[in-house]
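One structure is given below, encoded as structure tokens.
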Amino acid sequence: MAFKDKTVGAMLWSMSGAAGVQILGLIFSLWLANLIDPIVFGIFAIPSIVARFSKEAIDVGLGAAIVQSDEINDGLLSTIFWLNLMLSIVLALIVFFGAPYFALYTGEDTQIVYRLLAPVFIITGITLTQRAILLKALNFKRIAIADFSSTAIGGLLAIYLAYQSPDVFALIARFAAIAIVTSLIFWISTSWRPRLAWENEGLRNVLSFSLPVFATKSIKFLANYFDELMFPKFVNQELLGSYNRSRVFVSIPSRVIRDQIASVLFPAFSTIKSDVNRMSDIYGKAISAVAVFGLVPLSLIILLAPEAIPVFLNEKWLSMIPIAQAMALMMAPNFLSFFSPVLLSRGKSRLDFKVRMVVLLIRVISILLGLYFGGLPGLLLSLIIFGWIAHLIYLYVIGLELEKGVWWQLRLELPGWIIQALSLCTAWVIAVYIFEGLPMFWVMLIKLALFISVFIAMLLIFKPRGFMIGRRLAKEYHYKFGPLGRFLKKL
């Protein structure tokens, strides 16, 4: 299969699989939120952050090294597998026996959560190498199947337990079930099996690449979750639950669109890393399309949150409305910078690390100042400002790496920003001033219909580059990727 076909096919599988997972996960999350109080989600929030970070700590960037390197042999894969397993066991023991000390900061109720989550780390340890092998082969079909199946089984188990007793154990069971099912499917999907081998020299070589990747991911992770980690000092646990759920819901578009494109661009760029012109061409097309289509879900969150949250959740979650809107504004600029795939594919993990360090410092300062001077409202305002500052930094570095300027990417983004803003403002003004007084459900539907109508009209009138790219790709690849494409071909 040609490189372009393979990359587009992988991207379609990645995004469609992620969309299915996130939609299913959203259904289960809304269901659980109606069964379980916000304070329970607040109890689970920080231990779950520790559990998610365990994946990065166990992997130490070796998964990225497997994808990026052209010289990974069977012996080295086995070495990486055994190292991941050893790190997972050590980390599980640290969290299990350190739970009482962690709970001194996060609350006594969290101690049992840490201890029950710790054994899941070992499941993660035996899964990472298999996932990296599938990523390297651009086999996103198998990854999508694993993610969807684990989400379904974990969600159903959590719902069942929540009906029996609406407490934190339902959330723990969901997390564990997802890890176990994912691991089983990955092992079934790959023919590779570890053997008793240890290659010191090969491991040293890949660690020279992977450790800066791990440091960078750690910084990125800390930057993303530093606000929640600071909550016990500044904000109560119930608001932490609302904040955590807002992050989960608002980040769905990022996980479905941005993260999936980035996960495909990294191995794709690694294949053509010596051809800067080709990389910049692909990068520019991705940014143009995402600016037009990818920002739509974030615009809808800003527009529909005042009606959607009361309609789909109960009154205990009304505090989520301003939080979700602010988070969407914060995430929008970051949505349009595929920073790490560019640098990592060219082996510049240390530069990636340095830039992330600068961004982390700015984010930490923003969060601390916002919380100290304004509490939760101050935090939300500071994060919005930070999002735009970080975006400009990323644009500058990417412009240098791809031998372009900051204005090059801003020109690619601008049509998308204008279309989103006009569609959002038009729908909001018409709905508020003409349909005010209707039930919330109908106001929500009217806003949605108005936004879609204005958005489509502007696409057809102005024909921005991102729209034309998406349309051209749809025409070119529809016959290769399913019945919908064959139907469109007949049209």
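The values are calculated or read from the model by the stated rules, or taken from the named source; none is laboratory data. Computed from a predicted structure; not experimentally measured. Glycine gets a Cβ as well: all are built from the backbone with ideal geometry, and neighbour counts include every protein chain shown. Side chains included, ligands, DNA and RNA excluded: accessible areas come from the protein's heavy atoms. Shrake-Rupley method; radii C 1.70, N 1.55, O 1.52, S 1.80 Å.
In the stretch 438-452, of all residues being part of a helix (DSSP H, G or I) and open to solvent by 70 Å² or more (accessible area, probe 1.4 Å), the one that is modelled with the highest pLDDT corresponds to I452. Would you be able to say whether some residue in the stretch 82-95 is within 23 Å of the chain's Cα centre (by Cα) and touching a residue at least 12 places away in the same chain (Cβ under 8 Å)? Checked against the condition, which is being within 23 Å of the chain's Cα centre (by Cα) and touching a residue at least 12 places away in the same chain (Cβ under 8 Å), the stretch 82-95 yields at least one hit. Selection of first residues in the stretch 187-204 that are farther than 20 Å from R131 by Cα and among the acidic types (D, E) and of second residues that are buried (at least 17 other Cβ atoms within 10 Å of the Cβ) and at pLDDT 85 or above, restricted to Cβ pairs under 8 Å at least 6 apart or on distinct chains, gives the following pairs, ordered by first then second residue: E199/T79. Just one of (1) under 28 Å from N224 (Cβ atoms); (2) without any contact (Cβ under 8 Å) to a residue 12 or more places away in the chain; (3) open to solvent by 50 Å² or more (accessible area, probe 1.4 Å) fails for W388. It is (2). Out of the residues in the stretch 118-155 meeting the condition of being without any contact (Cβ under 8 Å) to a residue 40 or more places away in the chain and aliphatic (A, V, I, L, M), tell me which one is farthest from R174 (Cα to Cα). Filtering first and then ranking leaves A137. In the stretch 454-475, the residue that is modelled with the highest pLDDT out of those that are open to solvent by 70 Å² or more (accessible area, probe 1.4 Å) and assigned to a helix (DSSP H, G or I) is I456. On the stretch given as the stretch 366-403, residues that are farther than 30 Å from S345 by Cα and of a type in the set (A, V, I, L, M, F, W, C) total 9. Based on what the data block shows, is E238 free of Cβ contacts under 8 Å to residues at least 12 places away in the same chain, part of a helix (DSSP H, G or I), surrounded by fewer than 18 Cβ atoms within 10 Å (Cβ to Cβ) and not polar (S, T, N, Q)? Here the answer is no, as E238 does not meet what is asked.
For the subset of the stretch 57-81 comprising residues that are more than 15 Å from L344 (Cβ to Cβ) and touching a Phe, Trp or Tyr at 6+ places or on another chain (Cβ under 7 Å), which member is most open to solvent (accessible area, probe 1.4 Å)? Top of the filtered list is L77.
Could you tell me whether any residue of the stretch 353-360 is in contact with a helix residue (DSSP H, G or I) (Cβ under 7 Å, 6 or more places away or on another chain), free of Cβ contacts under 8 Å to residues at least 60 places away in the same chain, surrounded by 21 or more Cβ atoms within 10 Å (Cβ to Cβ) and not hydrophobic (A, V, I, L, M, F, W, C)? Checking the stretch 353-360: not a single residue is in contact with a helix residue (DSSP H, G or I) (Cβ under 7 Å, 6 or more places away or on another chain), free of Cβ contacts under 8 Å to residues at least 60 places away in the same chain, surrounded by 21 or more Cβ atoms within 10 Å (Cβ to Cβ) and not hydrophobic (A, V, I, L, M, F, W, C).
Which one of I122, I159, I72 is outside any helix (DSSP H, G or I) and over 21 Å from the mean Cα position of the chain (by Cα)?
I72
Does V290 satisfy the condition of being of a type in the set (V, I, T) and closer than 20 Å to R258 by Cβ? For V290, the condition - of a type in the set (V, I, T) and closer than 20 Å to R258 by Cβ - is met. Does the stretch 216-233 include one or more residues that are of a type in the set (G, A, S) and surrounded by fewer than 19 Cβ atoms within 10 Å (Cβ to Cβ)? Yes, that holds for at least one residue. Note on the stretch 142-168: residues that are more than 16 Å from Q22 (Cα to Cα), open to solvent by 50 Å² or more (accessible area, probe 1.4 Å) and either among the acidic types (D, E) or in contact with a helix residue (DSSP H, G or I) (Cβ under 6 Å, 6 or more places away or on another chain) (or both) amount to 4.
Within the bounds of the stretch 310-317, is there any residue that is in contact (Cβ under 8 Å) with a residue 40 or more places away in the chain, closer than 19 Å to R346 by Cβ, surrounded by fewer than 21 Cβ atoms within 10 Å (Cβ to Cβ) and over 19 Å from the mean Cα position of the chain (by Cα)? Spell out how you get there, then give the answer.
So in the stretch 310-317, the residues in contact (Cβ under 8 Å) with a residue 40 or more places away in the chain come out as 310-314, 316-317.
Applying the additional criterion that residues be closer than 19 Å to R346 by Cβ yields none.
Within the stretch 310-317, not a single residue is in contact (Cβ under 8 Å) with a residue 40 or more places away in the chain, closer than 19 Å to R346 by Cβ, surrounded by fewer than 21 Cβ atoms within 10 Å (Cβ to Cβ) and over 19 Å from the mean Cα position of the chain (by Cα).
Quick one: is R346 open to solvent by 40 Å² or more (accessible area, probe 1.4 Å) and either of a type in the set (K, R) or farther than 27 Å from F451 by Cβ (or both)? In short, yes.
Here are I39, I27: which of them is part of a helix (DSSP H, G or I), on the phi < 0 side of the Ramachandran plot and touching a helix residue (DSSP H, G or I) at 6+ places or on another chain (Cβ under 6 Å)? Step through it out loud before you land on a result.
On the way: I27 fails: touching a helix residue (DSSP H, G or I) at 6+ places or on another chain (Cβ under 6 Å).
Checking each option against the conditions leaves just I39.
With respect to G416, is the statement that it is in a helix (DSSP H, G or I) and within 18 Å of A324 (Cβ to Cβ) true? It is false that G416 is in a helix (DSSP H, G or I) and within 18 Å of A324 (Cβ to Cβ). For first residues located in the stretch 212-224 and closer than 21 Å to G347 by Cα and assigned to a helix (DSSP H, G or I), partners that are open to solvent by 30 Å² or more (accessible area, probe 1.4 Å) and acidic (D, E) and lie 6+ apart or on another chain with Cβ distances below 8 Å form the pairs F214/E56; K217/E56; S218/E56; F221/E56.
Within the stretch 91-112, the set of residues being of a type in the set (S, T, Y) and surrounded by 19 or more Cβ atoms within 10 Å (Cβ to Cβ) comprises T106, T110.
Suppose the filter is touching a residue at least 12 places away in the same chain (Cβ under 8 Å), under 30 Å from A457 (Cα atoms) and surrounded by fewer than 20 Cβ atoms within 10 Å (Cβ to Cβ); does W407 pass it? It is false that W407 is touching a residue at least 12 places away in the same chain (Cβ under 8 Å), under 30 Å from A457 (Cα atoms) and surrounded by fewer than 20 Cβ atoms within 10 Å (Cβ to Cβ). On the stretch given as the stretch 181-203, residues that are among the β-branched types (V, I, T), modelled with pLDDT of 85 or more and surrounded by 15 or more Cβ atoms within 10 Å (Cβ to Cβ) total 3. Among the residues making up the stretch 423-437, those that are part of a helix (DSSP H, G or I), farther than 14 Å from L298 by Cα and either open to solvent by 80 Å² or more (accessible area, probe 1.4 Å) or among the hydroxyl-bearing types (S, T, Y) (or both) are T426, W428, Y433, I434.
I'm checking my understanding of the structure. Among residues of the stretch 318-374 that are in a loop (DSSP other than H, G, I, E, B) and of a type in the set (K, R), which one is farthest from V235 (Cα to Cα)?
Looking only at the stretch 318-374, we keep the residues that are in a loop (DSSP other than H, G, I, E, B), and these are 318-319, 335-338, 346-348.
This time we only want the ones that are of a type in the set (K, R), so: 346, 348.
Values: R346: 42, K348: 39 Å.
The qualifying residue farthest from V235 (Cα to Cα) is R346.
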